[in-house]
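The values are calculated or read from the model by the stated rules, or taken from the named source; none is laboratory data. Everything quoted here is computed from the prediction, not taken from an experiment. As a convention, Cβ positions derive from the backbone with ideal geometry for all residues, glycine included, and neighbour counts pool all protein chains shown. When the accessible area is computed, the model is the full protein with side chains, heavy atoms only, and any ligands, DNA or RNA have been set aside. Shrake-Rupley method; radii C 1.70, N 1.55, O 1.52, S 1.80 Å.
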Amino acid sequence: MARSRRSVYGKEHQINMKELPTQNKETDTGLAAPARNGSKIILLFLFLVFGIGFGAVGLKLFHTAYMQEKDCSASAEGRLVRYEPYHSRGTRTYSPVVEYQAGNETLTATSNISASSRPLKEGGQVTVFYNPDRPDEFYIKGYGLEIEYKIGTVFLLVSIAAIIITILSIILNKINMDKDKKERLLAKIIMAG
């Protein structure tokens, strides 16, 4: 089927419609479209895995803090003896070392929570919650659990954001795919007419 077209220079050209490259994505770009869709799917999958992973870490932090709070039901007044410095990957953090009375026993123990700052005053009084069955398991009121809950919250918020972005991307991608199908159908109708 040949059509006559006028170019921008005013000359008339005969165009053979069968020889023209088409814009039909199913035929000419059949390899490129699935490759793009495949990489989109992989990217969305990775983003979803990232979100679920962050959520798992956040939930683990919440669970650990909750269990420690539940198990450490006895309290005692203690004293912050010093901070124990730790070096890891060029970063220095500090864990408080506290002394407290658990029943008839005086314990000196290092917190399993460390921070880059030293918010508690050395030599100052602190409230220590400890596990009556295992007195060396403890946390310091206002220091340990609050940090775990805050970090857990950040991980959960990042997780929720990543999952929402993934779901929205899937929905928007579906809407765009429907638009592409409509455009191809319109192109076929125009070519036939």
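Which one is nearest to the chain's Cα centre (by Cα), of the residues in the stretch 158-182 that are open to solvent by 80 Å² or more (accessible area, probe 1.4 Å) and in contact (Cβ under 8 Å) with a residue 24 or more places away in the chain?
Ile160
Inspect the stretch 27-40 for any residue being modelled with pLDDT of 90 or more and open to solvent by 50 Å² or more (accessible area, probe 1.4 Å) and give the result as yes or no.
Going residue by residue through the stretch 27-40, those that are modelled with pLDDT of 90 or more are none.
No: zero hits.
Look through Leu44, Leu80, Leu48 and report the one residue that is surrounded by 15 or more Cβ atoms within 10 Å (Cβ to Cβ), touching a strand residue (DSSP E or B) at 6+ places or on another chain (Cβ under 7 Å) and among the hydrophobic types (A, V, I, L, M, F, W, C).
Details: Leu44 fails: touching a strand residue (DSSP E or B) at 6+ places or on another chain (Cβ under 7 Å); Leu48 fails: touching a strand residue (DSSP E or B) at 6+ places or on another chain (Cβ under 7 Å).
Every option except Leu80 fails the conditions.
Pick out the one residue from Arg5, Arg92 that is at pLDDT below 90, open to solvent by 100 Å² or more (accessible area, probe 1.4 Å) and part of a strand (DSSP E or B).
Arg5 is the lone residue from the list that is at pLDDT below 90, open to solvent by 100 Å² or more (accessible area, probe 1.4 Å) and part of a strand (DSSP E or B).
Say whether the condition of being touching a Lys or Arg at 6+ places or on another chain (Cβ under 9 Å), at pLDDT below 90 and of a type in the set (S, T, N, Q) is met by at least one residue in the stretch 159-180.
yes
Provide a single number: the residues in the stretch 95-110 that are modelled with pLDDT under 90 and either buried (at least 16 other Cβ atoms within 10 Å of the Cβ) or within 17 Å of Lys141 (Cβ to Cβ) (or both).
Counting residues in the stretch 95-110 that are modelled with pLDDT under 90 and either buried (at least 16 other Cβ atoms within 10 Å of the Cβ) or within 17 Å of Lys141 (Cβ to Cβ) (or both) gives 0.
Which condition number does Arg134 fail, the rest of (1) modelled with pLDDT of 90 or more; (2) of a type in the set (Lys, Arg); (3) surrounded by 12 or more Cβ atoms within 10 Å (Cβ to Cβ) being met?
(3)
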